[in-house]
Amino acid sequence: MLIKKEKKGNVTIYYVDKDYDDDKMESKLNKKLKSEQIKLIIDDDADVFNKDGALLLRFRKNKLHKTNVDAFYDNVIDFALKKTQNRGNATGSKTKKNATNPLVMTNILGYFDKLAPSQKMAFKQRGLALPKITVRPTRFNLDYPEKFQKLLPLIKEIDTFYEKYIPENYRKQRKKANQTPYRIPGTSFTTITTNVNFQTTVHTDKGDDIEGFGNLAVIEKGKYKGGETCFPQYGIGVNVRSGDILFMDVHQPHANLPIILETPDAQRLSIVCYLRQSIWNQTHGKSKDFMIRNNKTYKNLRKKNSK
């Protein structure tokens with residue numbers, strides 16, 4: 001519900017209130033959005049605050065350099081197109097077992113805080129106890145370290161804008177990132193999630209740093225309609241396109257509208273950068289030498305499993 005709208009320079013400022021209470025919102029979690037549920041789609045530079053003055057989102061158009069965007073896409077897209085079952089609630093799944101989740105094109109880069117089923121099996125087959133610290137490099141980092149290095153310019157650029165536009169949350173998150181060796185170099189992030197043509201259901205991001213703020217960028221190929229990132233309880237959405245950057249309170253319920261592909265090659269690749277709270281919980285204060293030794297364990301498991 002729009003309460004007030006004003007202009008400050010090139011930025012439109014919106015003040016919004018909830019269309020319905022939290023109990024009703026709870027009943028809409030884990031369900032897909034429809035276009036008619038969203039009353040306002042934002043296409044230009046904007047700040048959105050709730051009625052109490054808390055920032056809900058900050059959106060800026062055409063901020064990311066095309067060179068960095070293209071390099072990220074070229075080096076990640078083959079991996080990003082792989083289908084996985086690791087996004088339970090966001091797919092609408094009603095079970096906590098990955099094996100029964102829908103297959104969607106969502107993948108993780110950087111570091112993660114849970115062991116994959118194949119890794120648990122590898123430890124078991126070798127008669128090894130599961131590690132007490134479950135933080136690990138992702139499959140992408142283990143298999144394609146050179147490609148990961150080519151993603152860093154865009155990730156660092158996103159981090160720079162995060163610091164500029166959301167300084168208070170950035171400061172708190174960067175402090176935590178600096179306390180763990182499991183961080184993406186030169187940033188406040190530990191992890192990146194990529195999604196391709198994936199309409200998420202209404203959900204909140206439970207693994208993110210509670211003091212942080214969400215960072216979302218999109219790379220588009222071909223032609224498509226929809227996919228806007230929305231806050232259904234407030235009836236608003238944002239049309240994020242290539243080069244744009246959206247900062248959002250991911251602890252509020254959010255989802256995407258349906259993605260309608262208009263050409264066979266159409267792709268909406270979304271990039272979500274964040275710090276996983278559990279990574280910090282498990283590893284803050286650990287040394288870089290600890291990380292190197294720990295990472296070597298997973299590299300060796302990966303090599304043996306691939307034989």
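For the options Asp52, Asp43, Asp19, a Gaussian network treatment of the chain with springs between C-alpha atoms closer than 10 Å singles out Asp52 as fluctuating the most. In a fully extended conformation the segment linking Glu168 and Ile3 would gain 56.9 nm over its present Cα-Cα distance, using 0.36 nm per residue. Distance distribution note for the range 245-302: the fraction of Cα pairs above 19 angstrom is 61%. Between His284 and Lys156, the modelled label-to-label distance comes to 2.6 nm, taking each label 7 Å out from Cα in the direction of the beta carbon. When only alpha carbons of the range 206-278 are considered, Rg and Dmax amount to 13.2, 40 Å. The alpha carbon convex hull volume per residue for the chain rounds to 139 Å³.
Annotation: extensible slack from Gln149 through Lys303 equals 53.4 nm (criterion: 0.36 nm per residue apart, minus Cα-Cα distance). A straight chain from Ile133 to Lys24 at 0.36 nm per residue would run longer than the Cα-Cα distance by 35.4 nm. Seen from Asn141, the other residues with C-beta closer than 11 Å to its C-beta sum to a net charge of +3, counting Lys and Arg as +1 and Asp and Glu as -1.
Any read-out appearing in this document is the output of simple, stated calculations on the displayed coordinates, not a laboratory observation. No experiment lies behind these values; they were computed from the predicted model shown. Don't worry about glycine lacking a Cβ; one is built from the backbone with ideal geometry, like all the others, and counts go over all protein chains shown.
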